[in-house]
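Asks: Below is one structure. I have some questions about it.
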Amino acid sequence: MSLACEDIHIRLGGRPILEGVTLSAAAGEILGVVGPNGAGKTTLFEVLSGRLAPDRGRILLNGRDVTSLKLHARARQGLARTYQSPVVPDALTVGEVFRSARQAYPPYLTRFHAEWAAEAVGLDVLPSAMAGSLEALNRRKLLLACLLMRRPRVMLLDEPAAGLINAEIDELDAIIRRLAREMDMAVLLVEHRLELLSATADRVVVLDLGRLIAEGPPEATFDDPRVRAAYFETASP
Ligand SMILES: Nc1ncnc2c1ncn2[C@@H]1O[C@H](COP(=O)(O)OP(=O)(O)O)[C@@H](O)[C@H]1O
Ligand SMILES: [Mg+2]
């Protein structure tokens, strides 16, 4: 399934945050969405997932206009999303987290679905382990498995590498690539560090101050002078 948006505009707090964003990701493709902090990447995911309604523009899921559908309706159509901070319910065990994900909304899923998803992401922890005791990579895997068990067709991943060390990032990237291929999912992957997307994304789009400034294969796009400028201007001292 593919995901596209056309001419997305949104204002928040009285100022334009996204201005005319148009992009698409095909089934099986990993589209990197990069840009300096504050570029509007998370806001774009809020709009694509249905948490925020755009002031203008439309969102297409497999060619069908879903702009007026709420978050849950889009989720039922196969659009899944993770958040920038991997918040797991600390007081629940891994088994309980899986159970609540299975029973979150119809169709209710069986333990088989949860076991399949845990295996698909390579989550190797006991169901009795406290979710709050998991380390960063396992938290990411747990949340990813909770989404995967519903067999989404499009996944929006907001900075999944945040808080991970290099070896963990490589492992997570390999998992994401394999899942995109095997499940023929369109994956939109937000990351503010350009270099992390070179090996993972098939294609990237670069957002700066709410506008798309470049698009193409990762390496060539990162060499684009406009992209370099956007990064240098906002680089911290
Ligand atoms: N609810 C909001 N109200 C006002 N401004 C917001 C709101 N959400 C985000 N912004 C602003 O929009 C800009 C883009 O934010 P965000 O989408 O989080 O960027 P990114 O994920 O690329 O770092 C920032 O300047 C941020 O302060
Ligand atoms: Mg963000």
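Readers should treat all values here as calculations from the given coordinates under stated rules, not as data from a laboratory. Everything quoted here is computed from the prediction, not taken from an experiment. With ideal geometry, Cβ positions are generated from the backbone for all residues, glycine too; neighbour counts draw on all protein chains shown.
Asks: Which percent of Cα-Cα pairs in region 86-151 sits in each 10 Å bin, short to long?
Replies: 24, 61, 15, 0
Asks: Separate question: Sort Ser49, Ser24 so the one with the fewest other Cβ atoms within 10 Å of its own Cβ comes first.
Replies: Details: Ser49 21, Ser24 15.
So the residues, fewest neighbours to most, are Ser24, Ser49.
Asks: What relative contact order, as a whole-number percentage, does the chain give when Cα pairs under 8 Å and 6 or more residues apart are counted? Walk me through the intermediate numbers first.
Replies: Numbers: 451 pairs, mean separation 70.7, N = 237.
It rounds to 30 percent for the chain.
Asks: Please report the orientation-averaged projected area of region 1-105, defined via the convex hull of its C-alpha atoms, in nm². Walk me through the intermediate numbers first.
Replies: Working: hull surface 32.3 nm².
Its average projected convex-hull area is 8.1 nm².
Asks: Show me, bin by bin at 10 Å from 0, the whole-percent P(r) of region 129-191 based on Cα pairs.
Replies: 20, 56, 23, 1
Asks: Using the Cβ atoms and a cut-off under 10 Å, what net charge is assigned to the surroundings of Leu31, where Lys and Arg are +1 and Asp and Glu are -1?
Replies: Details: positive: Arg203; negative: Glu29, Asp202, Glu215.
Surrounding charge for Leu31 is -2.
Asks: Need the full-extension length gain, Arg228 to Ala129, defined as separation in residues times 0.36 nm minus the C-alpha distance. One decimal, nm.
Replies: On the way: separation 99, 0.36 × 99 = 35.64 nm, distance 4.46 nm.
Going from the current span to full extension adds 31.2 nm.
Asks: Given the DSSP H assignment, sum -39500 (n - 2.57) over each helix run of at least 4 residues in the chain and divide by its residue total; what's the result at 222 nm in deg cm²/dmol, nearest 500? Please list the in-between numbers first.
Replies: Values: 8 runs with 79 residues, N = 237.
-9500 deg cm²/dmol, from helical runs alone.
Asks: Can I ask one more? In µm²/s, what is D for region 163-237 at 37 °C and 0.692 mPa s, where D = kT/(6 pi eta Rh) by Stokes-Einstein and Rh is the Kirkwood radius from Cα pairs?
Replies: Numbers: Rh = 13.6 Å.
Translational diffusion coefficient: 242 µm²/s.
Asks: Find the relative contact order for region 1-66 and round it to a whole percent, using C-alpha pairs within less than 8 Å whose residues are 6+ positions apart. Display every interim value, and only then the final one.
Replies: Values: 101 pairs, mean separation 29.4, N = 66.
It rounds to 45 percent for region 1-66.
Asks: Now, a different point. What is the Cα coordinate range of the chain on the first, second and third principal axes, sorted by size from largest, in whole angstrom?
Replies: Answer, in whole Å and largest first: 50, 39, 34 Å.
Asks: Another question, then. I'd like the antiparallel share, as a percent to the nearest 5, of DSSP beta bridges with both residues in the chain. If you can, show how the numbers build up before the last one.
Replies: Numbers: 21 of 38 bridges.
Counting DSSP beta bridges with both partners in the chain, the antiparallel share is about 55 percent.
Asks: Taking region 179-228, which trypsin sites (Lys or Arg not before Pro) meet the DSSP loop condition and have no more than 14 other C-beta atoms within 10 Å?
Replies: Numbers: sites: Arg181, Arg193, Arg203, Arg211, Arg226, Arg228; in loops: Arg193.
Of the trypsin sites (Lys or Arg not before Pro), the ones in loops of region 179-228 whose Cβ has at most 14 other Cβ atoms within 10 Å are Arg193.
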